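Notes follow once the structure below has been shown.
Just so you know, all these numbers are worked out from the coordinates, no wet-lab data involved. Quantities reported herein were computed from a predicted structural model and do not represent experimental measurements. Here the Cβ positions follow ideal geometry from the backbone for every residue, glycine too, while neighbour counts run over all protein chains shown.
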Amino acid sequence: MTDRRLWSYKDIAAHIGVQPDTVRSYRKHGLLPPPDHMESGKPYWYADTVRAWAASRPGNRRR
């Protein structure tokens, strides 16, 4: 089953426990995967994309 909900910077930040500006910085520095969808110039990612990225990013540890 795939989760096709679209997440914004705010949703991603809440998921990984950082501020939205931190997520914007990750994208600026190429650390975030490319957006799955653009709407009115704003990037959005599928929840599954974010979960896979968060699980594989350096420094990730189970809490």
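One table, with the values for the structure above:
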{"quantity": "Dipole moment magnitude, nearest 20 debye, the chain about Cα centre, only Lys, Arg, Asp, Glu C-beta charged", "calculated": "280 debye"}
{"quantity": "Neighbour net charge for residue 22 - beta-carbon separation under 13 angstrom, K R +1, D E -1", "calculated": "+4"}
{"quantity": "Signed unit charges on C-beta, dipole axis of the chain, positive-most listed residue 50, 38, 19", "calculated": "19"}
{"quantity": "Hull shadow area, averaged, the chain [alpha-carbon convex hull, nm²]", "calculated": "4.6 nm²"}
